[in-house]
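Notes to accompany the following structure.
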Amino acid sequence: MELRSMIFKTLLVMIAFYSTVCTSQPAQAADHEKLLSDPGVYATFAAFKLDPEWWKLDKGAREAAAAAVKEVVHKHGAHIAIDIYLLRGLSEHADVLIRLHAADMLHNQSFLVDLMGTTLGAHLMNTSTFNGMTKKANYVPNFPDETQAALKTPADPGAKPYIIVIPIRKDAAWWLLNQETRTRLMKEHTEAALPYLKTVKRKLYHSNGLDDFDFITYFETDTLADFNSLILALQQVKENQHNRRFGSPTLLGTVHSLDEILDVFTR
Amino acid sequence: MELRSMIFKTLLVMIAFYSTVCTSQPAQAADHEKLLSDPGVYATFAAFKLDPEWWKLDKGAREAAAAAVKEVVHKHGAHIAIDIYLLRGLSEHADVLIRLHAADMLHNQSFLVDLMGTTLGAHLMNTSTFNGMTKKANYVPNFPDETQAALKTPADPGAKPYIIVIPIRKDAAWWLLNQETRTRLMKEHTEAALPYLKTVKRKLYHSNGLDDFDFITYFETDTLADFNSLILALQQVKENQHNRRFGSPTLLGTVHSLDEILDVFTR
Amino acid sequence: MELRSMIFKTLLVMIAFYSTVCTSQPAQAADHEKLLSDPGVYATFAAFKLDPEWWKLDKGAREAAAAAVKEVVHKHGAHIAIDIYLLRGLSEHADVLIRLHAADMLHNQSFLVDLMGTTLGAHLMNTSTFNGMTKKANYVPNFPDETQAALKTPADPGAKPYIIVIPIRKDAAWWLLNQETRTRLMKEHTEAALPYLKTVKRKLYHSNGLDDFDFITYFETDTLADFNSLILALQQVKENQHNRRFGSPTLLGTVHSLDEILDVFTR
Amino acid sequence: MELRSMIFKTLLVMIAFYSTVCTSQPAQAADHEKLLSDPGVYATFAAFKLDPEWWKLDKGAREAAAAAVKEVVHKHGAHIAIDIYLLRGLSEHADVLIRLHAADMLHNQSFLVDLMGTTLGAHLMNTSTFNGMTKKANYVPNFPDETQAALKTPADPGAKPYIIVIPIRKDAAWWLLNQETRTRLMKEHTEAALPYLKTVKRKLYHSNGLDDFDFITYFETDTLADFNSLILALQQVKENQHNRRFGSPTLLGTVHSLDEILDVFTR
Amino acid sequence: MELRSMIFKTLLVMIAFYSTVCTSQPAQAADHEKLLSDPGVYATFAAFKLDPEWWKLDKGAREAAAAAVKEVVHKHGAHIAIDIYLLRGLSEHADVLIRLHAADMLHNQSFLVDLMGTTLGAHLMNTSTFNGMTKKANYVPNFPDETQAALKTPADPGAKPYIIVIPIRKDAAWWLLNQETRTRLMKEHTEAALPYLKTVKRKLYHSNGLDDFDFITYFETDTLADFNSLILALQQVKENQHNRRFGSPTLLGTVHSLDEILDVFTR
């Protein structure tokens, strides 16, 4: 255990050093873009509910606690893409959802351990955590050219204030289908989704073995009616018969800056 | 029993009178009427249980807290239709249910975040939240004329003190049926419901992807026996075989004004 | 909303007046008998667990709290049949179960809201609530004469200290069977139960739509071995294949007077 | 490991010695023996977890509370066979399990109500309660003579420090099999269990209608490897296909005297 | 009961003595290696979440509490292999997971009872406990020689910071397959896993009857992408159809020394 322990401490020192040295990073946003688009990136979705005790703290204490959260976010921001969403009011499961992307799952854990170690963190009840990773598209390379072309339709520019996160577990029969059959079914699934590419952005995470489901599906939209129609369309293709779990929980929330979220919790 | 029963009937008559007399309300109510009847409206049903700490506050503090809730309701009332129901005593899930209709889901969230930010709100445990939206009738246009005509039967005038909310998830097979078959099954379902149009008002919300089910069904009645018969009739048609989830929870409560609900929590 | 609120307050005043005037009612027990035997009566079963804080109150405070509960029971006793059972020790779900029968579900809610508004009520955690209603026997009129005659066997006189409450949900296939087939299956079910009519009293409540199941079955016995044999016999007929849910929870308790129950919680 | 192992074996020998020497206990134990072997006895298994508040009491208060528990046990010991097990460390469900056998279920309830009314009891959270009763063997009389003879193999003498409790619910199909078929399947089940009669003691309780399952199975062993092999053998016979629920929870614990258990909670 | 109690106390004294005498044990690591590789070893996985009260203790109190935990670990370390993992941030189920291997399940319980009896232990909520045992490979001896040879591929040297624990329950049909068929299916399963032997270490525990599942599978890796591919490969063989439960919970965490974990909880 000694050697292992030494290595771990060295890692902590290196991360600390890195955090100090790299605070005035120029290309941070670009890095985040990369984390958000590359395959092989590890994502953690952590949902929290504030305990009732939090609301008994006076405003000053809550503001100090919020400042400490900002420091933790700043410390880790260089190598983790951190997104934060407000679920409060739209989900009984959680008040806030944090989405993390990093080159290593250890980074996600390290950030969350630090966050939960703050005064505010001590009042955060961790109601759900989903782990997954990004991969290269699996079926798309075998789709017809026109489907592949259609998939390149860019999303409409502009803010997409709503996000939805839906974990999915396929049944055993799905995984026993051969690759060709699955490609055929996924082509039908994908074509049902094409009409919504402009108004609903999608991102897929693979979770097999990293959590109790196979996929985390993440959506951004400014038109919930379109998102609702998209899901309805996806329910009407054969591949949907192989979804043993779809949601449970379905997390619906809105995109916010850290400051906005902290405002809600300190005002 | 006689006197109590007489009083109760008197109340019903007075409410019916009130409903008739007071139809020409200010513009705000008309907007609400529109939100409650238009397609494309977003609805959130949020159920709350008061935590035990609430009851330890003295009466003055609880009354001040109630006043703050009224202000929040007033602030948002212009663009959200807010209905409030008492579940306490009839459901272990929650004490109170709030139903919101707005042109945008963000409005519902904004109201609930404000509500939960009040002193009373800090004692409200959010036990369930259902999200959905209204749409134009899907199958009705293809029903026979006489079924369509029958569906226009107006509900009996007068108060409908009971409400029931039942979330529904269909099975995968349902969504794979073609539109024609589903229309046929829904015609049978609808015809089973016709005898109850006068005494049970129904409203349907679509939830696919917005929550862990496909529909929120909402009922108002003053005759629970009729409502019970209606559900029994709906269980006896083939479409019912495709309900994977029906209720869980079923929420049964009574209609009240905000003042009445706050009275229960401050007296 | 003002007028509505005024009416509601008027009602409360009238009820309060009524409660005062009608305290020395003679025929109360007879009314209860009627509520317990008539069809069209609404029943609520509410189970509660005392929170740990209750036991920290001193004996004086607990006795005052118990007295307030008696007043609430007295106030509502004229038009609600109130039965109370001790589950503590025999069920992890609850300490106490209250069964209410009234001509209107509003009465049951009104009583429970008042009860939960007392000092003791603030310590009662509502762990389960079942709602149902009584109806005329559905299948019996079509049973053979000798089965109908056998069903009239009176229960043995004497106390039946044990009660068991089992909620039941049938599967979709059950409700699609025609009335004749269901009558045949229920005849087999009923004949399996005949040997236990003397030692196990049964009462059936219909819950379709009023809660997450179709029936509440209620049993009283002084011989749990006979009750166990009855259930075993009912498991051995074909109708049992259509029970999707049977229990969950099964509530086993004992019959007590209000005074005895309050004794347990104040001693 | 050697020394510890030696000590452990010494302990087992000493316990075995004790079991042999102390067989001629006072009349009370004889009654207990009868309760533990007769048919028609009612059993309650009640599992409890200590709440975190308990550990904040000072040692003196905890010892006084432990003494009160001993008094309750003494008071009821004449007509209830009381066994107590330590689950803490081996199950997240509970810290302690109490098994009660009495001629009447009321006795079990009465003891548990008294226990929960002590200072220690107020800190016991009742996480699971199972109710059942003993009966004469149902299928054994129709087994071949040699199987019946084999079943009389006495368990090895000596302490059996481990206990396992597994509730079982059969599917509807099981109860519709005719008695002959069930006897054949149970014969296969029983023969699979024969090799373990010496090292694993079994006891069966019937629960139909008394709780949410059909059987409580109780095991004592000093060789968990043998118990594991027994369950594996029972999974490999056809009757196992009819187990709709097996465990959930499975309770694994160790046998202790009341003094030992109270020691753990007061030291 | 007195004698039994005396024996138990004697045992405790002997163990205490033994702990004192044997502190400077040379071969401890070797013993641990043996516990981690031998068949017939009993394993307990206990997961804990720190309650919110812990974080209100001042740093001094938390450090003293941490020191007491180290003593308990030291006391039992001679005959139990103790591994500790940080789940916090990667699982909502628990903050910390402790894996114990001992020659007897009693040792695991004794350690955990001692741990939960410390000041820190009083703040640990036991969210999950899994019990199992190691056995000789069941199917491997019947695999072809080349598969057996491939299985001997050593894991890459170097730290494997990630661990995953997945409990598995097979369906009834699995256990009714004959040994030959199961061997064939397990051969296919095993061959799917071969490409990952270098980067993912696996260990299997048998739980039938010791807990609510049949197996505990434990994995160590430094490449979560490989682990994810391994699970995906295992989902694509026929044996996977017989997994009735796979995970629920899936526990993902990181390897740490006790000091590192206690650091997280005291800083």
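The values are calculated or read from the model by the stated rules, or taken from the named source; none is laboratory data. None of these values were measured; they are calculated from a predicted model. Here the Cβ positions follow ideal geometry from the backbone for every residue, glycine too, while neighbour counts run over all protein chains shown. Accessible surface areas use protein heavy atoms only, side chains included; no ligands, DNA or RNA. Shrake-Rupley method; radii C 1.70, N 1.55, O 1.52, S 1.80 Å.
Some values worked out for this structure:
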read-out: Check on D:E180, over 23 Å from E:W175 (Cα atoms), assigned to a strand (DSSP E or B) and among the acidic types (D, E); value: no
read-out: Qualifying residue in the stretch B:208-219 (condition: out of contact with any strand residue (DSSP E or B) (no Cβ under 6 Å at 6 or more places or on another chain) and open to solvent by less than 10 Å² (accessible area, probe 1.4 Å)); value: yes
read-out: Matching residues in the stretch B:127-163 - criterion: being touching a helix residue (DSSP H, G or I) at 6+ places or on another chain (Cβ under 9 Å), more than 25 Å from A:F227 (Cα to Cα) and not hydroxyl-bearing (S, T, Y); value: B:N142, B:F143, B:P144, B:Q148, B:A150, B:L151, B:P157, B:G158, B:A159, B:P161
read-out: Matching residues, the stretch E:31-48, being open to solvent by 50 Å² or more (accessible area, probe 1.4 Å) and outside any helix (DSSP H, G or I); value: E:P39
read-out: Top-ranked residue of the stretch D:224-249 - restricted to ones that are under 16 Å from the mean Cα position of the chain (by Cα) and part of a loop (DSSP other than H, G, I, E, B), ranked as surrounded by the most Cβ atoms within 10 Å (Cβ to Cβ); value: D:G247
read-out: Condition check for A:Y205: in contact with a strand residue (DSSP E or B) (Cβ under 6 Å, 6 or more places away or on another chain), more than 14 Å from chain E (Cβ to nearest Cβ) and not β-branched (V, I, T); value: no
read-out: Residue within the stretch C:79-88 that is farther than 17 Å from C:T127 by Cα, at pLDDT below 95 and either crowded, with 20+ Cβ neighbours inside 10 Å or touching a Leu at 6+ places or on another chain (Cβ under 8 Å) (or both) present; value: yes
read-out: Output for the stretch E:99-154, where each listed residue is in contact (Cβ under 8 Å) with a residue 24 or more places away in the chain, crowded, with 21+ Cβ neighbours inside 10 Å and in a helix (DSSP H, G or I); value: E:M105, E:H107, E:N108, E:Q109, E:S110, E:F111, E:L112, E:L115, E:H123
read-out: Meets criteria (of a type in the set (D, E) and crowded, with 20+ Cβ neighbours inside 10 Å) for D:D171; value: no
read-out: Verdict on A:L185 being in a strand (DSSP E or B), closer than 20 Å to A:K136 by Cα and more than 11 Å from every other protein chain (Cβ to nearest Cβ); value: no
read-out: Condition met for C:E260 (open to solvent by 10 Å² or more (accessible area, probe 1.4 Å), touching a Pro at 6+ places or on another chain (Cβ under 9 Å) and more than 7 Å from chain D (Cβ to nearest Cβ)); value: no
read-out: Leading residue by the ranking (farthest from the other protein chains (Cβ to nearest Cβ)) among those in the stretch A:113-124 that are hydrophobic (A, V, I, L, M, F, W, C) and within 15 Å of A:A66 (Cα to Cα); value: A:L120
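Residues checked against (1) over 28 Å from B:I216 (Cβ atoms); (2) at pLDDT below 95:
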residue	(1), (2)
B:I7	yes, yes
B:T10	yes, yes
B:F17	yes, yes
B:T23	no, yes
B:P26	yes, yes
B:F48	no, no
B:E53	yes, yes
B:V72	no, no
